[in-house]
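Visitor: Here it is: the structure, laid out below.
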Amino acid sequence: MLRVMHVSRCTSALCALLIFAGARSLSSQSSVGAAARAPGAAGEIRGRLVEQGSDRAITGGSVTARRAGDTVFASGALPRPDGSFRVDGLAPGRYTLRIRALGYAPLMRSDITISLDQPVVELGVLSLATVATKLEGQVVTAERDEVQLAPDRNSYSTKNMTTASGGTAVDVLRNVPSVEVDGSNKVSLRGNENVVVQINGRTSPLRGEQLGTFLAQLPSSTVSRVEVSTNPSAKNDPEGTAGIINIVLNQEAELGLSGGVSAGTGTTGMANLSGNLGRQKGKLTLFLSGSLFRDTRVISASSSRTNLVTPVPVFVESTGGGSAQPRSGGLTFRSEYKFTERDAVGFDAVTNGGRYANTMSSYYTNLDGARDVIGLFDQFSERIFRNVSQDYTAAFRRTGGPLATTFSSELRYSRFGNTDDSELFGVVRQADPSTETAAVPREHDHTIGRFPSWNLQMDYTKPFSERTKLETGFKGTTRNTGNDFSAALFDSSSASYLPDPARAVSFDYRERIGAVYGVLSQRVSKVQAQAGLRLEQATTHLDLPTTSKRYDNSYASAFPSGILTYDFTQMRQAKLSYSRRVSRPNPYQLTPVTYRENSRNVFRGNPELRPEYTDGLELGLQEARSWGSIQLNPYLRKTAHAVRYIQTVDTSGVTVSTFANVASTLTTGADLNVTYRRGPLTLLTGGSLYHYTSDASNLSGNPSADAVNWSSRANVTWKLSPLTDAQLFANYRAPQATEGGSQMAFVFMSVALRQKLWSDQGSVSLRLADPFNLMKFGFRTADGRVIESTERRFGQRGLFVTVSRNFGQQLKLRPRQQEADPQAAPVPGGP
């Protein structure tokens with residue numbers, strides 16, 4: 001398998017230099033290859049990489065030199081924007097040069113000699129083939145590395161993520177460092193739920209519970225990779241104070257006719273089937289994929305409440321359980337037609353539909369101070385959530401070499417619709433004063449949601465030289481949300497449901513955003529600098545016809561960004577970056593509609609929510625070695641008017657969940673990611689440590705939080721043979737304090753075994769999720785009225801088998817502008 005180490009340029013700062021001093025002492029002990037860099041060694045190997053057939057410059061990948069006698073790593077380099085490279089610091093001797101790049105067959109030159117008389121070797125133009133190459137009956141193909149740690153973003157491929165096979169996009173995200181998905185499938189980054197989730201580089205119109213439901217229905221086999229950016233530049237949408245998570249779906253067409261199919265099943269009742277078919281002929285490239293998915297997950301729950309104010313009951317205990325049954329299907333179509341070598345038009349269409357059923361039963365016991373039973377009642381809920389999403393995009397792109405002016409324009413229309421039907425009812429088996437609120441009639445809630453949106457985006461890039469680049473662009477967005485909610489109560493006399501007009505709520509939410517940006521990048525020797533500014537004008541309108549209330553807001557915002565990088569060597573970089581981002585409240589956070597999980601637990605929105613703004617400062621240090629790489633990212637984030645999830649208990653004993661603006665929050669911490677390879681072993685490990693404080697003195701009860709939180713994870717792969725590998729994934733997040741309470745610790749593990757078949761064109765995978773049944777989610781509320789602890793398990797434990805089969809030869813569709821350079825990284829180059 002061809003490993004590709006793609007390392008972008010980074011920035012420098014005094015702190016990063018101090019951190020690097022420790023890393024250097026470690027590397028000096030472990031790198032035998034340093035011997036090849038003898039004092040005064042001035043040997044160089046130079047060349048230029050191009051794509052075979054098109055002569056396009058290849059700007060990604062890596063070039064490494066090893067001593068011919070013992071294959072010890074000697075030096076390395078990264079291609080520049082024109083494809084040229086320079087491997088320096090070589091002592092006299094014979095060397096083997098290895099060139100690796102994503103999507104291309106590897107290239108090796110073993111006839112290179114550095115001497116005192118000829119210290120510089122010019123290899124000229126080296127062409128890399130985009131197709132598989134047969135050598136002695138074996139097929140050697142380019143394969144994306146599992147992890148690419150870069151200063152602007154980290155990319156995690158699912159190709160070898162065996163511990164997510166047979167699962168969903170939720171299982172994939174749980175394998176990604178710094179990303180967490182809770183029991184209700186809410187996604188967070190570094191513990192912050194205000195993160196933007198993109199699909200194929202485009203922001204998903206879904207948020208919160210709707211997004212979680214969609215991800216829980218998306219088979220993992222349809223996901224190609226996940227990209228994480230914690231401090232994007234002004235070129236990107238500033239929404240999501242925690243950063244951007246981009247889920248890239250399989251969308252590669254192959255040379256000629258190609259395709260593949262994947263099927264899986266599991267002990268939970270899971271079954272999925274996905275397939276793709278692509279054809280590239282002449283100027284036209286077409287790609288079509290589809291997927292079907294179903295599963296059943298058993299849920300168990302418990303809670304324990306102590307009433308500090310209410311005299312009866314003193315204690316309330318509950319147990320319960322149920323199941324969730326996601327069902328989904330989807331189609332993806334992508335096309336591209338090249339008028340010329342530089343100009344292309346494309347049309348993409350993505351549609352998905354699903355049904356998510358959920359049943360829950362809860363059994364409550366009321367106790368007095370002596371813990372004697374004084375009341376018993378049961379609560380039941382049945383929910384069916386149906387959704388259909390459509391996304392259509394037409395685009396024009398003009399691309400070219402590193403010094404060519406590029407332009408892209410894209411018009412996108414997306415629409416998401418859903419219906420939600422919930423049945424709630426309770427039974428009092430032993431009455432006491434507190435069970436009056438539980439003795440409610442059977443209730444049927446019906447919700448219809450509509451989410452259309454339009455986006456028009458244009459991006460223009462003008463390179464003035466190899467070292468200077470200007471990027472500008474415009475984006476206009478209009479997003480609408482319509483919601484109609486009705487409640488009907490069961491009338492026993494007529495044996496029918498009668499509408500409750502007092503509970504009916506509808507709303508219309510409209511959002512208009514216009515934005516322009518400019519980003520200037522400049523390189524001088526080993527230093528790169530980038531400055532950017534994004535200006536936005538936003539207007540929002542929330543209309544509640546049933547209450548005759550309107551909430552209008554109009555505001556302008558400026559989002560500056562800056563990056564400063566320093567290259568110690570071509571394999572060692574440091575970075576300092578700054579950006580400002582925003583999280584605008586979504587309509588479900590704003591709408592004061594009361595959603596009942598049962599008679600004891602409700603949620604309602606807060607129409608007074610304000611946008612939150614975060615200023616982020618981040619250091620970065622990265623080093624690539626022959627054994628892998630190490631990346632350290634200390635950071636600081638300060639947020640004004642931070643939106644936080646708050647749980648309280650009202651005077652009737654009902655747990656009320658809502659959102660509120662706290663005055664400010666401050667997070668300081670660091671992420672560490674290490675990739676290590678030695679023989680058959682590949683290890684990805686790391687963790688996060690951060691200090692979180694919030695000033696919530698503006699809220700009743702002052703639920704401010706002050707906590708030190710940490711998490712760690714490891715993904716270990718061992719190649720038992722060239723065709724067989726085993727993998728273990730483990731993740732632990734320590735208990736953490738939140739506003740008004742705390743979250744319990746989170747543990748998840750998964751083990752898997754994969755056997756490659758059909759000359760590496762397919763595989764069979766066996767995965768055991770949560771082998772020790774440790775995965776659970778819990779929350780503790782302490783607001784002065786009650787102390788309540790809740791815990792849920794979501795039936796992740798299971799054994800899954802997946803079989804996949806591919807055919808064809810690789811040829812990628814031309815990447816979109818945001819896919820090719822989604823973070824607008826500084827212009828690479830060199831003296």
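The values are calculated or read from the model by the stated rules, or taken from the named source; none is laboratory data. Not measured: the values here are computed from a predicted model. Counting neighbours? That spans all protein chains shown, and the Cβs are built from the backbone with ideal geometry, glycine included. To get the accessible areas, we keep the full protein, side chains included, count just its heavy atoms, and leave off ligands, DNA and RNA. Shrake-Rupley method; radii C 1.70, N 1.55, O 1.52, S 1.80 Å.
Visitor: Which one of these is open to solvent by less than 20 Å² (accessible area, probe 1.4 Å), touching a strand residue (DSSP E or B) at 6+ places or on another chain (Cβ under 8 Å) and polar (S, T, N, Q): Thr285, Thr306?
Guide: Thr285
Visitor: What do you reckon, is Leu617 modelled with pLDDT under 90, touching a Lys or Arg at 6+ places or on another chain (Cβ under 9 Å), among the aliphatic types (A, V, I, L, M) and open to solvent by 20 Å² or more (accessible area, probe 1.4 Å)?
Guide: Judged against the criteria, Leu617 is not a match.
Visitor: Next question. Looking at the stretch 410-418, can you tell me whether even one residue there is touching a helix residue (DSSP H, G or I) at 6+ places or on another chain (Cβ under 8 Å) and farther than 30 Å from Tyr337 by Cβ?
Guide: Within the stretch 410-418, one or more residues are touching a helix residue (DSSP H, G or I) at 6+ places or on another chain (Cβ under 8 Å) and farther than 30 Å from Tyr337 by Cβ.
Visitor: Which one is least open to solvent (accessible area, probe 1.4 Å) among residues in the stretch 518-545 that are of a type in the set (A, V, I, L, M) and more than 28 Å from Asp508 (Cα to Cα)? Steps first, please.
Guide: So the first thing to find is which residues in the stretch 518-545 are of a type in the set (A, V, I, L, M), and the list is 519-520, 524, 527, 529, 531, 533, 535, 538, 542, 544.
Add one more test, that the residue is more than 28 Å from Asp508 (Cα to Cα), and what stays is 519-520, 524, 527, 529, 531, 533.
On the way: Val519: 0, Leu520: 88, Val524: 95, Val527: 59, Ala529: 42, Ala531: 61, Leu533: 78 Å².
For the stretch 518-545, the residue satisfying everything is Val519.
Visitor: What are the residues in the stretch 669-683 that are open to solvent by 30 Å² or more (accessible area, probe 1.4 Å) and farther than 15 Å from Asn633 by Cβ, if any?
Guide: Once the filter is applied, which keeps residues that are open to solvent by 30 Å² or more (accessible area, probe 1.4 Å) and farther than 15 Å from Asn633 by Cβ, the stretch 669-683 yields Tyr676, Arg677, Arg678, Gly679, Pro680, Leu681, Leu683.
Visitor: Separate question: Quick check on Phe380: is it within 30 Å of Arg48 (Cα to Cα) and of a type in the set (Phe, Trp, Tyr)?
Guide: On the way: within 30 Å of Arg48 (Cα to Cα): no; of a type in the set (Phe, Trp, Tyr): yes.
No, not satisfied.
Visitor: Still on this structure: Residue under question is Val801, and the condition is that it be assigned to a strand (DSSP E or B) and within 27 Å of Pro326 (Cα to Cα); does it hold? Steps first, answer last, please.
Guide: Numbers: assigned to a strand (DSSP E or B): yes; within 27 Å of Pro326 (Cα to Cα): yes.
Criteria met by Val801.
Visitor: Does Tyr517 satisfy the condition of being over 22 Å from Pro592 (Cα atoms), modelled with pLDDT of 90 or more and more than 29 Å from the chain's Cα centre (by Cα)? Explain how you work it out, then say what you get.
Guide: Details: over 22 Å from Pro592 (Cα atoms): yes; modelled with pLDDT of 90 or more: yes; more than 29 Å from the chain's Cα centre (by Cα): no.
Spelling it out, it is not the case that Tyr517 is over 22 Å from Pro592 (Cα atoms), modelled with pLDDT of 90 or more and more than 29 Å from the chain's Cα centre (by Cα).
Visitor: Run down Gly260, Gly275, Gly266, Gly282 and say which single residue is touching a Leu at 6+ places or on another chain (Cβ under 7 Å) and not basic (Lys, Arg). Can you show your working first?
Guide: Working: Gly260 fails: touching a Leu at 6+ places or on another chain (Cβ under 7 Å); Gly275 fails: touching a Leu at 6+ places or on another chain (Cβ under 7 Å); Gly282 fails: touching a Leu at 6+ places or on another chain (Cβ under 7 Å).
Testing whether each residue is touching a Leu at 6+ places or on another chain (Cβ under 7 Å) and not basic (Lys, Arg) leaves just Gly266.
Visitor: Which pairs have Cβ atoms under 6 Å, sit 6 or more apart or on different chains, and link a residue in the stretch 336-356 that is under 22 Å from Phe416 (Cβ atoms) and free of Cβ contacts under 8 Å to residues at least 60 places away in the same chain to one that is open to solvent by 70 Å² or more (accessible area, probe 1.4 Å) and aliphatic (A, V, I, L, M)?
Guide: Every condition considered, the pairs that remain are Thr351/Leu331; Gly353/Val388.
Visitor: If you take the residues in the stretch 684-721 that are of a type in the set (A, V, I, L, M) and without any contact (Cβ under 8 Å) to a residue 40 or more places away in the chain, which one is surrounded by the most Cβ atoms within 10 Å (Cβ to Cβ)? So that I can check it myself, show each step before the final result.
Guide: The initial filter retains those residues of the stretch 684-721 that are of a type in the set (A, V, I, L, M), namely 684, 689, 696, 699, 705, 707-708, 714, 716, 720.
With without any contact (Cβ under 8 Å) to a residue 40 or more places away in the chain added as a condition, the list becomes 689, 705, 707-708, 714, 716.
Values: Leu689: 16, Ala705: 19, Ala707: 16, Val708: 13, Ala714: 16, Val716: 17.
Selected residue: Ala705.
Visitor: Mind listing just one residue for me: the one in the stretch 785-799 that is farther than 15 Å from Val298 by Cβ and of a type outside the set (Asp, Glu) and, of those, surrounded by the most Cβ atoms within 10 Å (Cβ to Cβ)?
Guide: Taking the candidates together, the pick is Thr790.
Visitor: Only one residue in Arg98, Arg48 is under 24 Å from Thr682 (Cα atoms), of a type outside the set (A, V, I, L, M, F, W, C), open to solvent by 40 Å² or more (accessible area, probe 1.4 Å) and at pLDDT 70 or above. Which one?
Guide: Arg98
Visitor: Inside the stretch 769-784, can you point out the residues that are over 25 Å from Ala726 (Cα atoms) and open to solvent by less than 20 Å² (accessible area, probe 1.4 Å)? So that I can check it myself, show each step before the final result.
Guide: Kept after step one, since they are over 25 Å from Ala726 (Cα atoms), are these residues of the stretch 769-784: 776-784.
Selection gives Gly778, Thr781.
Visitor: Quick one: in the stretch 480-512, of everything that is touching a helix residue (DSSP H, G or I) at 6+ places or on another chain (Cβ under 9 Å) and hydroxyl-bearing (Ser, Thr, Tyr), which residue is nearest to Thr539 (Cα to Cα)?
Guide: Here the answer is Tyr509.
Visitor: When you look at Pro452, is it loosely packed, with under 15 Cβ neighbours inside 10 Å, within 22 Å of Gly605 (Cβ to Cβ) and not aliphatic (A, V, I, L, M), yes or no? Let's see the steps before the verdict.
Guide: Numbers: loosely packed, with under 15 Cβ neighbours inside 10 Å: no; within 22 Å of Gly605 (Cβ to Cβ): yes; not aliphatic (A, V, I, L, M): yes.
Considered against the rule, which asks whether it is loosely packed, with under 15 Cβ neighbours inside 10 Å, within 22 Å of Gly605 (Cβ to Cβ) and not aliphatic (A, V, I, L, M), Pro452 comes out as no.
Visitor: What residue, among those in the stretch 211-242 that are of a type outside the set (S, T, N, Q) and assigned to a strand (DSSP E or B), is nearest to Arg584 (Cα to Cα)?
Guide: If we take residues in the stretch 211-242 being of a type outside the set (S, T, N, Q) and assigned to a strand (DSSP E or B), then Glu239 is nearest to Arg584 (Cα to Cα).
Visitor: Does Ala737 satisfy the condition of being assigned to a strand (DSSP E or B) and at pLDDT 85 or above? Step through it out loud before you land on a result.
Guide: On the way: assigned to a strand (DSSP E or B): yes; at pLDDT 85 or above: no.
In short, no.
Visitor: Restricting the search to the stretch 432-449, which residues are at pLDDT below 85 and open to solvent by 20 Å² or more (accessible area, probe 1.4 Å)?
Guide: Pro433, Ser434, Glu436, Thr437, Ala439, Val440, Pro441, listed by residue number.
Visitor: With respect to Gln736, determine if the residue is open to solvent by less than 50 Å² (accessible area, probe 1.4 Å), farther than 22 Å from Val716 by Cα and among the polar types (S, T, N, Q).
Guide: yes
Visitor: Picking from Glu254, Glu227, which residue would you name as being open to solvent by less than 50 Å² (accessible area, probe 1.4 Å), modelled with pLDDT under 85, among the charged types (D, E, K, R) and farther than 24 Å from Gly795 by Cα?
Guide: Glu254
Visitor: Additional query: For the stretch 749-763, what are the residues that are modelled with pLDDT of 85 or more and either open to solvent by less than 40 Å² (accessible area, probe 1.4 Å) or closer than 30 Å to Ser700 by Cβ (or both)? Talk me through it step by step, then tell me what you get.
Guide: Quick first cut of the stretch 749-763, residues modelled with pLDDT of 85 or more only: 749-757, 763.
Across the stretch 749-763, the qualifying residues are Ser750, Ala752, Arg754, Lys756, Ser763.
Visitor: Still on this structure, please answer the following. Any residue at all in the stretch 351-361 that's open to solvent by 50 Å² or more (accessible area, probe 1.4 Å), farther than 30 Å from Phe474 by Cβ and modelled with pLDDT of 90 or more?
Guide: yes
Visitor: Is one or more of the residues making up the stretch 765-783 aromatic (Phe, Trp, Tyr), part of a strand (DSSP E or B) and at pLDDT 90 or above?
Guide: Checked against the condition, which is being aromatic (Phe, Trp, Tyr), part of a strand (DSSP E or B) and at pLDDT 90 or above, the stretch 765-783 yields no hits at all.
Visitor: Among (1) among the small types (Gly, Ala, Ser); (2) within 30 Å of Ala488 (Cα to Cα); (3) touching a Leu at 6+ places or on another chain (Cβ under 8 Å); (4) surrounded by fewer than 16 Cβ atoms within 10 Å (Cβ to Cβ), which single condition is Ser548 missing?
Guide: For Ser548, the failing item is (3).
Visitor: Moving on. Go through the stretch 307-338 and give me each residue that's out of contact with any helix residue (DSSP H, G or I) (no Cβ under 8 Å at 6 or more places or on another chain), hydroxyl-bearing (Ser, Thr, Tyr) and farther than 30 Å from Phe396 by Cβ.
Guide: Matches in the stretch 307-338: Ser318, Thr319, Ser323.
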